[in-house]
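Q: Dropping a structure here in structure tokens format, bear with me for questions.
The values are calculated or read from the model by the stated rules, or taken from the named source; none is laboratory data. Worth saying up front: this structure is predicted, and the values here are computed from it rather than measured. Note that each Cβ is placed from the backbone with ideal geometry, even for glycine, and that neighbours are counted across all protein chains shown.
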Amino acid sequence: MSITLPDEALTWLSVWQDVRGLVLASDTHLTRRLTSAGHTVYALSDDADLVGRLAPLERVTPILARPEAIPTDPLQFEVVFAHQCLHRYDLDHALPQLARVLRAGGCVSASYLVRDDSVPWVRRLAALLRRYDPMAMKGDYGHQSLDALSRSKYFPEVERRAFRIWQAISRDGLVAMVRNQPLAANLDEDQLDALLGQVVDLFDGAVRPGEQLRLPYQLLCWRAWVSHEELTAPVVMPDDGLAIPL
């Protein structure tokens, strides 16, 4: 299911107009949205096929690399954008690199889209699926990696916002979503038919005829502001740190 990031969230993550930004790219969507908003984007990925798809885009400079070793000069970017991807990297090595390439006053704008299971019909659906698989709908989105930003000495100040997104879903769409759950592969035909019948009943009981359900998500957004003090502080050797044998 493809979900478009709200304009309000994109504006908050971009901070300013006409930004010179670095995108940690996992697809072309965020890069396209940023360039459409007037920003100049350098898109970094270690996927050669993705870099090839990014290359023809206007106002985009693709870079074949990983954020643990960014092949650019320091202080090149005002914002680094990372959507749904921080958990894929070795942040102990990547965060110092992101700090190095950010200009003074810049930030890492990181975001994760996670399903909001607080809505009653979603809770009922989760309970139904967990009768077949206790781990059903317990999504591991990777958003716990955001905590690494607040612990990093390179990003001492962090701002947080959450945006609610409602995604319309039809009866057929809900059935298809359940069919794509890993538990479906472990059910025989009769079990799967019974489950899907209960899903249809749940859908019909939650909406008026002819309407669709709305699947709720939270877009978790963080802006982590860079500090270069750790990168520029002088190295102080202990008194016994240098020994010259005679």
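Q: Looking only at residues in the range 175-194 that are under 27 Å from the mean Cα position of the chain (by Cα) and aliphatic (A, V, I, L, M), which one is surrounded by the most Cβ atoms within 10 Å (Cβ to Cβ)?
A: The extreme case among them is Val178.
Q: Right, another one. Checking the condition modelled with pLDDT of 90 or more, surrounded by fewer than 22 Cβ atoms within 10 Å (Cβ to Cβ) and not in a helix (DSSP H, G or I), which residue from Asp133, Asp117, Asp73 passes? Steps first, please.
A: On the way: Asp133 fails: modelled with pLDDT of 90 or more; Asp117 fails: modelled with pLDDT of 90 or more.
Every option except Asp73 fails the conditions.
Q: Which residues, counting only those in the range 39-70, are within 14 Å of Arg20 (Cβ to Cβ) and at pLDDT 95 or above?
A: His39, Thr40, Val41, Tyr42, Ala43, Leu44, Val60, Thr61, Ile63
Q: Could you list, in sequence order, all residues of the range 38-53 that are buried (at least 20 other Cβ atoms within 10 Å of the Cβ) and closer than 18 Å to Leu10 by Cβ?
A: His39, Val41, Tyr42, Ala43
Q: Looking at the range 170-194 only, could you name the residues that are touching a residue at least 24 places away in the same chain (Cβ under 8 Å) and in contact with a helix residue (DSSP H, G or I) (Cβ under 7 Å, 6 or more places away or on another chain)?
A: Those that are touching a residue at least 24 places away in the same chain (Cβ under 8 Å) and in contact with a helix residue (DSSP H, G or I) (Cβ under 7 Å, 6 or more places away or on another chain): Arg171, Leu174, Val175, Val178, Gln181, Leu183, Leu187.
Residue by residue, here is whether (1) touching a residue at least 12 places away in the same chain (Cβ under 8 Å); (2) within 17 Å of Ile70 (Cβ to Cβ); (3) among the aromatic types (Phe, Trp, Tyr) holds:
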| position | (1), (2), (3) |
| --- | --- |
| Ala9 | yes, no, no |
| Ser14 | yes, no, no |
| Gln17 | yes, no, no |
| Gly21 | yes, yes, no |
| Ser26 | yes, yes, no |
| Leu30 | yes, no, no |
| Ser36 | no, no, no |
| Leu44 | yes, yes, no |
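Q: Inside the range 174-202, can you point out the residues that are closer than 13 Å to Asp133 by Cα and among the acidic types (Asp, Glu)? Break it down into steps so the answer makes sense when it comes.
A: From the range 174-202, those closer than 13 Å to Asp133 by Cα are 178, 181-187, 191-192, 195; that's our starting set.
Scanning the range 174-202 gives no hits.
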